[in-house]
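The values are calculated or read from the model by the stated rules, or taken from the named source; none is laboratory data. This one's a predicted model, so the numbers in the text were calculated from it and none came from an experiment. Methodologically, a virtual Cβ is constructed for each residue, glycine included, from the backbone with ideal geometry; neighbour enumeration extends over all protein chains shown. What goes into the accessible areas is simple: the full protein's heavy atoms, side chains included, and nothing from ligands, DNA or RNA. Shrake-Rupley method; radii C 1.70, N 1.55, O 1.52, S 1.80 Å.
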Amino acid sequence: MATPMVLAEAVHKCYGRLEVLRGIDLSVAPREVLCIVGPSGSGKSTFLRCINHLEKIDAGRLSVDGELVGYRQRGDKIYELPDREVCRKRSEIGMVFQRFNLFPHMTALENIMEAPVRVKGEPQKVVEERGRSLLARVGLADKVDVYPNHLSGGQQQRVAIARALAMQPKLMLFDEPTSALDPELVGDVLDVMRGLAQDGMTMVVVTHEMGFAREVGDSLVFMDGGVIVESGNPREVLANPQHERTRAFLSKVL
Amino acid sequence: MAAGERSRPEAIKAIPLRHPWRWVSAIVVLALAAAALYTFATAPGLDWRVVGQYLFFPQILRGIVVTLELTVIAMVIGVVLGVLLAVMRLSANPVVSTVSWFYIWFFRGTPVLVQLFFWYNLALILPHLSVGIPFTHIEWVGTTNQIVSPFLAAILGLGLNEAAYMSEVVRAGIISVDQGQTEAAQALGMARVRVMRRIVLPQAMRVILPPTGNETISMLKTSSLAYITTVAELFYVQTEISNANFSVVELLVVASIWYLLMTSILTFGQYYLERYFARGSARLLPLTPLQRFRRMLFHFHDPPPVGPFEPPPIYPHHEDRII
């Protein structure tokens, strides 16, 4: 069996005395699309942020592509990774945020080019070429020189996806990418994500879009109270939930 | 016929409302201002010929150059040290952040005039200054009066004091930038220093610049306190001249004219700098002073076209970061 892209074993996370993650076990195979659903406060965003070490986990093991996240194990000792290493690993993982978080003082193209040029040191020309074609791919070829404030929410989110893709990541994390959008604009963003999934990108998607999970997801986990309540094939889980909690949640959102 | 297809009705052509009281209040204010101006302009003890005679006096012009030098150097020290202190203040290292806090506490808590006197009189407590490498014989020694010239004393007094104020300005700017910006940059693999330099500070500039302009204008005037260190800046020079010729008020008017002129130029420059850093944030740039003036003359009935910048969001969505 191939190395899983993401492997979580008994992942725990606390904020002070509040236990947000209480033992998460899951694995994501390369080219798989995993959707995480659940009520707010269930810890799904926190788990996503642990995958690229924006949050430190307190117990358990979490690895990406066979390497521990944020730590190195030698013998039975665990060492914290230096900043440089953490940055290098993050640069291989793309992340898309609920609030887009585009850099407002840069145009769409500058947003996209910043990290490949400055972090990976790729030549300006190559990156610009790639940036333009990525913008074309998300349907924004005419917005190259536009500042984020002059774009709609849906357009901003598509630029944010292009920005993450410009680093040529091996894994993409989506943190409720459509939750801050007008209903009309959700479709364009989901279309881009659907295209990515078809091209074989490994994706972990925290979402409330059950339609997307059913259609695009290879697997689905339902989280509540910091644990995975139920997981499986999205079509089966959504059509025929086994747990009372899952049923109650789905009856409200579907 | 559907509503959307109806032809557009004729535009409203209303007779504009008259505002007689606006005219009355304008005339009253102008009259009072004119009276005040006239009183001072024709004051019997004020000899305008002396003002004219000394306005371009070579010593005065040299004083202006020194004033500008003091202002620029003290502000450069203030900004550079201020950024450093602000970053230290926000550091995760408690020792570093406490040292920064202490610096700000001390230099903001004592009058700048006292600090200027202190640097000027440094020789009283430290007659000799030396720099060396411990446990070796490599050492540079000099008397304090040689090293700390009046100019250096003024620079130290003004610059170190300014750094304390600037660090608070910079810190306010840094924490006004949404946390999501830092996270997005980190998620792209940017290291801490790069995030600060490329993402946070450029956005903080919008918040940092207006008070920095204020500080610069304020520094231009505060530099007059440096006259107590006997630096030949504008205020010191005019005091020296009036001590000799007893035209005290005339020379104060000369100095005031130059200070006003210089602060006016700074105000103007600040405007354009702010416009530059507002790019991408304001949908419409505010009017330039020239456009504003033209509008006042010819279109004063129109409502103001553009408001001030929108304030930047401060942690708008931290709830989605908690869980």
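Label separation (A:Val146 vs B:Gln179): 3.1 nm, computed from points 7 Å beyond Cα along the C-beta direction. Helices in chain A, meaning DSSP H runs of at least 4 residues, each add -39500 (n - 2.57). Divided by all residues, the mean residue ellipticity at 222 nm is -11000 deg cm²/dmol.
Over the whole of A:97-110, what's the average partner chain Cβ count within 10 Å per residue? Rounded to a whole number, please.
Working: counts 7, 4, 10, 2, 11, 4, 10, 12, 12, 6, 2, 0, 0, 1.
The mean count of partner-chain Cβ atoms within 10 Å per residue comes to 6.
I need the shape label for region B:222-267. Rule: rounded when a/c is under 1.5, else prolate if a/b > b/c, else oblate, with a, b, c from the alpha carbon gyration tensor. It comes out oblate by the Cα gyration axes. As a length-normalised measure over Cα pairs under 8 Å and 6 or more apart, the relative contact order of chain B settles at 22 percent. Expressed as a whole percent, the accessible surface of the protein assembly as shown that belongs to carbon and sulfur atoms is 61, based on a 1.4 Å probe. Could you pull out which residues in region A:37-56 have an amide N less than 13 Å from a spot 7 Å beyond the Cα of A:Val227, following the Cα-Cβ vector? No residue qualifies, since no backbone N sits under 13 Å from the label point. A simple spin-label model places the labels of B:Arg108 and B:Thr143 4.0 nm from each other, with each point 7 Å out along Cα-to-Cβ.
Apply 1/(1 + (r/R0)^6) to the Cβ-Cβ distance of B:Leu37 and B:Thr136, taking R0 = 60 Å, and write down the FRET efficiency to the nearest 0.05.
Numbers: r = 68 Å, r/R0 = 1.13.
Once the sixth-power term is evaluated, E becomes 0.30.
The calculated FRET efficiency for the pair A:Lys125 and A:Leu250, based on their C-beta separation and a Förster distance of 41 Å, comes to about 0.25. Across peptide A:14-21, the average count of Cβ atoms from other chains found within 10 Å of a residue's Cβ is 1. Loop-located chymotrypsin sites (Phe, Trp or Tyr not before Pro) in region B:129-181 (DSSP state not H, G, I, E or B) with no more than 14 neighbouring Cβ atoms inside 10 Å: B:Phe135.
Going by a ≥ b ≥ c, the root eigenvalues of the Cα gyration tensor, does chain B fall in the rounded group (a/c under 1.5), the prolate group (a/b larger than b/c) or the oblate group?
Values: a/c = 3.20, a/b = 1.16, b/c = 2.75.
Taking the square roots of the gyration eigenvalues as a ≥ b ≥ c, chain B is oblate.
Computed from the C-beta positions of A:Gln198 and A:Ser27 and an R0 of 25 Å, the FRET efficiency is 0.70 to the nearest 0.05. Distance between the C-alpha centres of region A:60-107 and region A:148-217: 20 Å, rounded to the whole angstrom. Centroid-to-centroid, using Cα positions, region A:1-56 and region A:113-147 are 30 Å apart. With a 10 Å cut-off around each Cβ of B:193-205, the average count of Cβ atoms from other chains is 2. Between B:Tyr276 and B:Thr230, the simple spin-label model (points 7 angstrom out along Cα→Cβ) gives 4.0 nm.
Shown in residue order for region A:40-57 are the 3J(HN,Hα) couplings computed by the Karplus curve 6.51 cos²θ - 1.76 cosθ + 1.60 at θ = phi - 60°: 5, x, 7, x, 5, 5, 4, 4, 4, 6, 5, 5, 10, 6, 6, 10, 8, 8 Hz (x for Gly and Pro). Spatially, region B:205-221 and region B:106-136 are offset by 27 Å when compared through their Cα centroids.
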